[in-house]
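Peer 1: Pasting in a structure now, in structure tokens, and then I'll have a few things to ask.
The values are calculated or read from the model by the stated rules, or taken from the named source; none is laboratory data. On a predicted model such as this, the values are computed, not experimentally measured, just so you know. Note that we place each Cβ from the backbone using ideal geometry, even for glycine, and neighbour counts take in every protein chain shown.
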Amino acid sequence: MEKRAKNVVSTDTVKLISDLKDNGINIDISEGIFFLQIDYDFVYKQFAEYLPERRTVFLKQRALEIQQGFMEDAGVIIPWDNLRKRLIFWEDYVNSFPNTEYKDHVLELMKVYFTVYLRGSDNSETFSIDYSNKINDGVLKDTVRQSYENFIKENRYSKYYGLITDYYHYLQISHFKINHKFINNFFKLYKLE
């Protein structure tokens, strides 16, 4: 006779989860780890009419970003150009609301977005690399190159403009092939390590 697993979630646990959700807190999971997260969409819908613009803009954008996701298993799960748009959105936000109580949070978020935008992540590299090739002469991925070109065309006012432009021009000279020595020196020069 086959034994079936008993329901391991108690009614107290179900009630706790329901109470959290009813009060704007979600239980999420990433890479096997559970964590509590503010339900920005809930907070926005419940309180937007009572909050100043700096808060409603923050809540609305964070709700959208949480819904779309960002990374899973060290891989970027949104289009590369959306990463550029997020970075620019938050840069504009800080410029529009320089005294926001969310400034530290936003600056940290921008740092993460910018680092991933420029360097990639463990499972979303910016270069297509064939690891069976001992030379590792990967080429910049088309989606990344196109996003850098969009950045140069559309985001001249950004504080990152000069850095992205310099990086792109070097890559262009190298025919968009990876050169680990240059990239490491570039990141050291711009203190991006």
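Peer 1: Exactly one of (1) over 23 Å from Glu31 (Cα atoms); (2) among the charged types (D, E, K, R); (3) surrounded by fewer than 15 Cβ atoms within 10 Å (Cβ to Cβ) is unmet by Asp73. Its number?
Peer 2: Among (1) over 23 Å from Glu31 (Cα atoms); (2) among the charged types (D, E, K, R); (3) surrounded by fewer than 15 Cβ atoms within 10 Å (Cβ to Cβ), the lone unmet condition for Asp73 is (1).
Peer 1: Residue under question is Phe35, and the condition is that it be closer than 30 Å to Val144 by Cβ, touching an Asp or Glu at 6+ places or on another chain (Cβ under 7 Å) and hydrophobic (A, V, I, L, M, F, W, C); does it hold?
Peer 2: yes
Peer 1: So, in the range 83-108, exactly how many residues are within 26 Å of Arg145 (Cα to Cα) and charged (D, E, K, R)?
Peer 2: Looking only at that region, the number is 6.
Peer 1: Another question about this same structure. Among residues belonging to the range 166-189 that are at pLDDT 90 or above and under 21 Å from the mean Cα position of the chain (by Cα), point out the one that is surrounded by the most Cβ atoms within 10 Å (Cβ to Cβ).
Peer 2: Only one residue fits best here, namely Tyr167.
Peer 1: Within the range 13-51, take every residue that is among the acidic types (Asp, Glu) and in a helix (DSSP H, G or I) and give me the one that is farthest from Gly69 (Cα to Cα).
Peer 2: Taking the candidates together, the pick is Glu49.
Peer 1: Is there a residue in the range 129-141 that is acidic (Asp, Glu), at pLDDT below 90 and assigned to a loop (DSSP other than H, G, I, E, B)?
Peer 2: For the range 129-141, residues acidic (Asp, Glu), at pLDDT below 90 and assigned to a loop (DSSP other than H, G, I, E, B): present.
Peer 1: Shifting gears a bit: Which of the residues belonging to the range 53-70 are surrounded by 15 or more Cβ atoms within 10 Å (Cβ to Cβ) and farther than 12 Å from Asp41 by Cα?
Peer 2: Arg54, Arg55, Phe70
Peer 1: Looking only at residues that are without any contact (Cβ under 8 Å) to a residue 12 or more places away in the chain and part of a helix (DSSP H, G or I) in the range 76-95, which one is surrounded by the fewest Cβ atoms within 10 Å (Cβ to Cβ)? Show your work before the answer.
Peer 2: Step one: filter the range 76-95 for residues without any contact (Cβ under 8 Å) to a residue 12 or more places away in the chain, giving 77-78, 85, 92, 95.
Within this subset, residues satisfying the condition of being part of a helix (DSSP H, G or I) are 85, 92, 95.
Working: Lys85: 17, Asp92: 14, Asn95: 11.
The qualifying residue surrounded by the fewest Cβ atoms within 10 Å (Cβ to Cβ) is Asn95.
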